[in-house]
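Worksheet: the structure to be examined is printed underneath.
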Amino acid sequence: MNRLRIHKVIEERQGTTGHIFSRPESNDRGLFRGELMTPSSKCVTFRTSLKVALVAFLSILKFSGGKCLALYFTEYHMRVLNIVLVWMAVVSTANAQAKLAGHWPLQSSADDHSPGKLKSIANGVKFTDDGPTKSLTKSAVFDGTSSFIDIEAAGGFNPGKEDFSVAAWVKPSDTSDDVPGDILSQFDFSGRTGFHLGLYTHGGVTNSQSNHRQLHFGIDQARIDPEFSDHGKLGSAVYVFSLCVHNGKLYASTCHAGAEEAGRVFRFEGGDRWTDLGSPDKANAISAMTVFDGSLYVASSKYRLAGSSLAESENKNFGGKVYRLGDGDQWISCGTLSAETEAVSSLIEYRGKLYAGSLYKPAGFFRYEGGETWTACPNPGKRVEAMTVFNGSLFASCYDEGAVFRFDGEQWHDMGRIPNATQTYGFAVHQGSLFVSEWPQAHVFKHIEGTNWEDAGKLGEELEAMPLVVYNGKMYGGTLPLAEVYRYEGKTDWAKVGRVDLTPDVRFRRAWSMAVFQGRLFVGALPSGRVLSIEAGRNATWDHSFPSGWHHVAAVRAKDCLKLYVDGKLESESAALPDEAIDLSSQSKLQIGFGAQDYFKGNLADVRIYRGSLTADDVAKLAVGESSPSTKNP
């Protein structure tokens, strides 16, 4: 007698475990004798026809949740085997289909239209704008400052270790005077557990706008790599000034000490491989980078290395120039800020225009007019250094005093002094608030209102806190003099993650630049001139500037990895999920339009959550305004 044994065809279900056996009568081609062994070890025997036996067998297979399955076939009944296997595949597929757990069309209200009817409360959301498709004629408007939707019954969706999917129509604001913000999240910040999906712009990362409208899907259960991965030294660089993500690539700019050496730009090719894109200018540093109007812009500086307690560069060439990366990796001149500007502090897009600041005196603030033309704009009387956008304004840090300034498009406003600080360094937007770092105590402060700032704690025993970046739900910061990286744990608490520069016999080491790329947090260091990275949890990022207008987004936690789809096309996958499943069980609320970085600014429609993985076909149908047969409401 031929025998086929299949183990764990179906998963064990609570209260229904047992063993199933099905054996044909050897002397009767038309009859089967079946035996069902129950969890209490009671054996139930039945004798029936092949047709009934198959139906019974498949029903038991589908609903019993048995732990072990053994099938015995005579040679005659081996012909049945293919039928059984086909049916098993059908049953398995049916069980794996994504089930709608939450559905918010956002046409006229925040109501959940799924069978669970999760209680949803809109806060400042309007349902007035046009929608993305003929069937979705309206959309929800989120103002970027306070509007969001709270899903009260968090227990109604708790993915745990299981697969799940998120889908939505997304139209971010194009005003470029605020970060785009979070689309959907369920994250326990104290336990570092949950998931988020959002569009992230990171400005004021010391000298760069490192990420621009990056689509990011992340999950975590307080997991992080045990150490940083080293991606190598960038030529003879002593300083990785800026990191910036553009069109699916990571770029790094450098500072060099030699008399004949000029600042360079490198493109990351994976591992420790970098492509040298040359020196756009003669100055010793390329200090600032940003993405503007679909292109990568960089700026040059005559950087004074003595400010980092290193020997001064013998290269005397002024910087103060801006360049654009053109076709064929050619650098195109975009002009000089002014004859007096020897170094550019940072570049930022604000309300559709590109702005730049002067690193050294005289203080200067400039607007790009196209070609090689720059217009000098009013400045606050002090140097504007790191720059970011938030809630309609441009914010700037300052090296002349521990101050923060705000520009509204016409004039500057004093936002107050940071207690005990003599310089302010970098910005981040985290949970809807603006944070700034400082020297000489390595504290980070949170803006409360007006000119009031609240102490958010000190990073270890360091002297200076510099770049700040929100990554997979948490805010990270880099320091001097030990080039340490810390993670913000709330209130005034910071946890050390590691060090990125171990150069001996120097006074200062800096974890100076940061960017999020390929789901990882990258850090550039001084004086080693190296770039390192680390991953917290698992992340999938679409490393492009999210386009204008309506686009369909889907994020899937599958068995093997995270997946990101844009307009029905698979655009990004995470690294493989760990063998020990990440458990997202949390009592935190689901929130639409708010999360780890900020309130969403723009329009959303047809937000959906599924238990299980959407297939590529499911996503494609949703992206053209159809409901897949496997994902319709029951």
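The values are calculated or read from the model by the stated rules, or taken from the named source; none is laboratory data. Values in this document were obtained by computation on a predicted structure and should not be read as measured data. Backbone-built Cβ (ideal geometry, glycine too); neighbour counts: all protein chains shown.
Some points to look at:
- Qualifying residue in region 434-443 (condition: in a loop (DSSP other than H, G, I, E, B), surrounded by fewer than 16 Cβ atoms within 10 Å (Cβ to Cβ) and free of Cβ contacts under 8 Å to residues at least 60 places away in the same chain): yes
- Filter result for the condition that a residue is among the acidic types (D, E) and either over 17 Å from T336 (Cα atoms) or at pLDDT below 95 (or both), over D281, D293: D293
- Conditions (1) in contact with a Gly (Cβ under 6 Å, 6 or more places away or on another chain); (2) within 24 Å of D143 (Cβ to Cβ); (3) not β-branched (V, I, T); number of the one not met by H430: (1)
- Test for D130: is it surrounded by fewer than 22 Cβ atoms within 10 Å (Cβ to Cβ), outside the structural domain of Y350 (by TED's automatic domain parsing) and over 20 Å from N472 (Cα atoms): yes
- Inside region 241-273, residues that are in contact (Cβ under 8 Å) with a residue 12 or more places away in the chain, surrounded by fewer than 22 Cβ atoms within 10 Å (Cβ to Cβ), more than 20 Å from the chain's Cα centre (by Cα) and not in a loop (DSSP other than H, G, I, E, B) make up a count of 2.
- Boolean, S533 is closer than 30 Å to R499 by Cβ, of a type outside the set (K, R), in a strand (DSSP E or B) and not assigned by TED's automatic domain parsing to the domain that holds T175: yes
- A single member of E454, E410, E489, E462 is buried (at least 20 other Cβ atoms within 10 Å of the Cβ) and either in a loop (DSSP other than H, G, I, E, B) or among the acidic types (D, E) (or both), and it is E462.
- Single unsatisfied condition, T424 versus (1) within 20 Å of the chain's Cα centre (by Cα); (2) buried (at least 19 other Cβ atoms within 10 Å of the Cβ): (1)
- Against the list (1) over 20 Å from D163 (Cα atoms); (2) modelled with pLDDT of 95 or more; (3) in contact with a strand residue (DSSP E or B) (Cβ under 7 Å, 6 or more places away or on another chain), the condition V80 fails is (2).
- Criterion violated by R324 - all others in (1) surrounded by 23 or more Cβ atoms within 10 Å (Cβ to Cβ); (2) not in a loop (DSSP other than H, G, I, E, B) satisfied: (1)
So that you can scan it fast, the table gives a plain yes or no per residue for (1) surrounded by fewer than 20 Cβ atoms within 10 Å (Cβ to Cβ); (2) farther than 24 Å from D598 by Cβ:
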| site | (1), (2) |
| --- | --- |
| I121 | yes, no |
| L136 | yes, yes |
| A140 | no, no |
| S146 | yes, no |
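- Within region 477-494, not a single residue is in contact with an Asp or Glu (Cβ under 8 Å, 6 or more places away or on another chain) and within 21 Å of G181 (Cα to Cα).
- When each of T133, T145 is tested for being modelled with pLDDT of 95 or more and over 25 Å from the mean Cα position of the chain (by Cα), the lone residue that passes is T133.
- D225 vs. criteria over 30 Å from R383 (Cα atoms), in the same structural domain as L521 (by TED's automatic domain parsing) and at pLDDT 95 or above: yes
- Beta carbons closer than 6 Å, at least 6 apart along the sequence or on distinct chains, pair a first residue in region 282-296 that is surrounded by fewer than 24 Cβ atoms within 10 Å (Cβ to Cβ) with a second that is hydrophobic (A, V, I, L, M, F, W, C) and assigned to a strand (DSSP E or B) for F292/L354; L296/L325.
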